[in-house]
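Following: one structure in structure tokens, then a few remarks.
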Amino acid sequence: MSGLSTSLLFGIAAALANVLGGLIVVGRRSPWEPRLLHGFIAVGAGFMLAAALLRMGPEAMRLSSQGPLLVLVGYLVVHLFEHTIASHFHFGEETHSHVFIGSSVWASALAGLVVHSLFDGISIASGFLVSPTLGILVFTAIILHKMPEGFTIASVMVAAGVSRIGALGAALGVGLASVVGVLAASVLAGHVGAALALSTGVTLYVAASDLIPEVNKEEGTLMAVLVFAGVAFFYLTEGALSTLGL
Ligand SMILES: [Zn+2]
Ligand SMILES: [Zn+2]
């Protein structure tokens, strides 16, 4: 299987997790799902932090002389699209309907998440361009937050009064952005160091500035502990991959 088809398969899996998160919003029956999603957010935050700081960042520094600057640019790009152009966006369930009714805030939130998701795809593909191990580690980091991501955007659309089909369509659109990101990174394969550095900054933002604040909203210590479990899960995955000879 070629590198591109491997990346595409993983990109499509990430997109499907977005759609699954959207389905939870539009087909919701039981109240346990938001807590389960918070669990994914917490484990995902720990895993993403470890992947960005221990594997993606160092590899990007090795491959690109502009690594540190591009990490900063990646971080700021997400801040620009998710929290500067979009006036109201946060991970998790959107319950602030008053912000969305009669305004176009939902469109800027959707655009912000589409840009973020594009970079999720670029991250996965640049990981696989470097090595299968890095690809699998980055994919695992990304997939852990994809279901909450689809849930987030679908709940934004529901809060904005959009139909259920529209909410699901938004989750699908966010997912497709990751597939486009995989294709874009594969086309720009000659610049994998730069793409990986940008992806490192994006991953740091998503972990530390999107996900951790959601973890900290939860009462009690369970969610906080799950962040450490996410870091442990990173080390376990890395160990398992090396045992497998990857
Ligand atoms: Zn809100
Ligand atoms: Zn994402």
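Does Leu49 satisfy being within 16 Å of ligand 2 (Cβ to nearest atom), buried (at least 22 other Cβ atoms within 10 Å of the Cβ) and among the hydrophobic types (A, V, I, L, M, F, W, C)?
yes
Can you run down the residue pairs with Cβ atoms below 6 Å, 6 or more apart or on separate chains, where the first is in the range 98-122 and more than 26 Å from Thr203 (Cβ to Cβ) and touching a residue at least 40 places away in the same chain (Cβ under 8 Å) and the partner is open to solvent by 30 Å² or more (accessible area, probe 1.4 Å) and away from ligand 1 (no atom under 15 Å from the Cβ)?
none
Restricted to the range 177-191, and to residues that are aliphatic (A, V, I, L, M) and open to solvent by 30 Å² or more (accessible area, probe 1.4 Å), which residue is nearest to the chain's Cα centre (by Cα)?
Val180
Under 8 Å between Cβ atoms, at least 6 apart or on separate chains: pull out the pairs that start in the range 46-70 with a residue that is of a type in the set (Ser, Thr, Tyr) and end on any residue that is assigned to a helix (DSSP H, G or I).
Ser64/Leu70; Ser64/Gly193; Ser64/Ala194; Ser64/Leu196; Ser64/Ala197
Given the conditions (1) surrounded by 21 or more Cβ atoms within 10 Å (Cβ to Cβ); (2) within 16 Å of ligand 2 (Cβ to nearest atom); (3) closer than 28 Å to Val192 by Cα, and given that Arg55 satisfies all but one, which numbered condition is not satisfied?
(2)
Can you list residue pairs whose Cβ atoms sit under 9 Å apart, with the first residue in the range 227-238 being part of a helix (DSSP H, G or I) and the second being polar (S, T, N, Q) and surrounded by 13 or more Cβ atoms within 10 Å (Cβ to Cβ)? Count only pairs 6 or more apart in sequence or on different chains.
Final answer for the pair search is Phe233/Thr140; Phe234/Thr140; Thr237/Thr140; Glu238/Thr133.
Scan the range 161-197 for residues that are among the hydroxyl-bearing types (Ser, Thr, Tyr) and modelled with pLDDT under 95 and jot them down.
Correct list: Ser163, Ser186.
Taking the range 194-228 as the search range and keeping residues that are more than 18 Å from the chain's Cα centre (by Cα) and buried (at least 16 other Cβ atoms within 10 Å of the Cβ), which one is farthest from ligand 1 (Cβ to nearest atom)?
Ala194
Could you pull out the residue among His98, His90, His116 that is open to solvent by less than 40 Å² (accessible area, probe 1.4 Å) and more than 13 Å from ligand 2 (Cβ to nearest atom)?
Sole residue among the options that is open to solvent by less than 40 Å² (accessible area, probe 1.4 Å) and more than 13 Å from ligand 2 (Cβ to nearest atom): His90.
Just the residues that are over 23 Å from Val26 (Cα atoms), open to solvent by 30 Å² or more (accessible area, probe 1.4 Å) and of a type in the set (A, V, I, L, M), please, taken from the range 119-151.
Once the filter is applied, which keeps residues that are over 23 Å from Val26 (Cα atoms), open to solvent by 30 Å² or more (accessible area, probe 1.4 Å) and of a type in the set (A, V, I, L, M), the range 119-151 yields Leu129, Val130, Ile136.
The values are calculated or read from the model by the stated rules, or taken from the named source; none is laboratory data. Everything quoted here is computed from the prediction, not taken from an experiment. Quick reminder, even Gly has a Cβ in these numbers, built from the backbone with ideal geometry, and neighbours come from all protein chains shown. Ligands, DNA and RNA are stripped out before the accessible areas are found, and what is left, the full protein with its side chains, is counted by its heavy atoms. Shrake-Rupley method; radii C 1.70, N 1.55, O 1.52, S 1.80 Å.
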